[in-house]
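What follows is a single structure, written as structure tokens, with notes after it.
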């Protein structure tokens, strides 16, 4: 019997998880997605690269800013999901490094207005850098974006938060979240020597950003909100919860924390 390449098995397993909303542990999802592989379906529809049309230049430019910030403080991939005439862009600022890593997943999401709903629904994960390159080719006045043709696997993107089932859980002062983020950055800088190894960096960041500022809400959520610019011009940040997710809501975007039970 002819053996099946490992890359094909990885791609098939991750595709099943996404398509059927299979609920699996983070450890399993991470193991399946350890290698970055091309997934099906591609960004091309009937052999033509899929496009989206922004409603205005502000939306286009805001996406560019979000992607640039994610390149600095987050994972290299973004997941794109169309919801009618809105493109939801998910990124990840914190994720477990392996099976023994107990830090929670921290995602960010921002919606961008489109001129109209895509002819074919969009739900795929691509490299943020590839999306930035496509944006750069649009020129100054362009509003039509060609999506990257190459789709990738990312462990964090295997399970997204639900659309419904959220319960209000209070309000947090935005300035307090900004203070938590700044103090955390300073603590990490003070704890690391000039040339730290990867293991030490992970240990220090896990200790600092894994500390809870509220039940189910680690300091990493404050870091994500501040680093992505979600706290700008905000006075209060709304908190909502489901059984396995905690969400921070601002007018600039959302921070979503997935518990270890999810």
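Does the range 235-262 hold any residues that are in contact with a helix residue (DSSP H, G or I) (Cβ under 7 Å, 6 or more places away or on another chain) and more than 19 Å from residue 112 (Cα to Cα), and which are they? Those that are in contact with a helix residue (DSSP H, G or I) (Cβ under 7 Å, 6 or more places away or on another chain) and more than 19 Å from residue 112 (Cα to Cα): 235, 236, 237, 257.
Does residue 213 meet the test of being at pLDDT below 95 and farther than 22 Å from residue 75 by Cβ? Spell out how you get there, then give the answer.
On the way: at pLDDT below 95: yes; farther than 22 Å from residue 75 by Cβ: yes.
Spelling it out, residue 213 is indeed at pLDDT below 95 and farther than 22 Å from residue 75 by Cβ.
Those helices (runs of 4 or more DSSP H) of the range 147-262 in which 2 or more residues are in contact with a strand residue (DSSP E or B) (Cβ under 7 Å, 6 or more places away or on another chain) and not assigned by TED's automatic domain parsing to the domain that holds residue 75 occupy 174-191, 219-227.
Taking the range 128-163, which residues are touching a residue at least 40 places away in the same chain (Cβ under 8 Å) and closer than 18 Å to residue 106 by Cα? Residues satisfying the conditions are 128, 153, 154, 155, 156, 157, 158, 159, 160, 161, 162. Given the criteria more than 30 Å from residue 215 (Cα to Cα), in contact with a strand residue (DSSP E or B) (Cβ under 6 Å, 6 or more places away or on another chain), modelled with pLDDT of 95 or more and surrounded by 19 or more Cβ atoms within 10 Å (Cβ to Cβ), does residue 87 qualify? Yes. Here residue 118 meets the list (1) within 18 Å of the chain's Cα centre (by Cα); (2) touching a residue at least 40 places away in the same chain (Cβ under 8 Å) almost entirely, failing just condition (1).
Within the range 98-115, the set of residues being touching a residue at least 60 places away in the same chain (Cβ under 8 Å) and in contact with a helix residue (DSSP H, G or I) (Cβ under 6 Å, 6 or more places away or on another chain) comprises 99, 103, 105, 106, 108, 110.
The values are calculated or read from the model by the stated rules, or taken from the named source; none is laboratory data. Model, not experiment: these values are computed from the prediction. Heads up, the Cβs are rebuilt from the backbone with ideal geometry, glycines too, and the neighbour counts pull from every protein chain shown.
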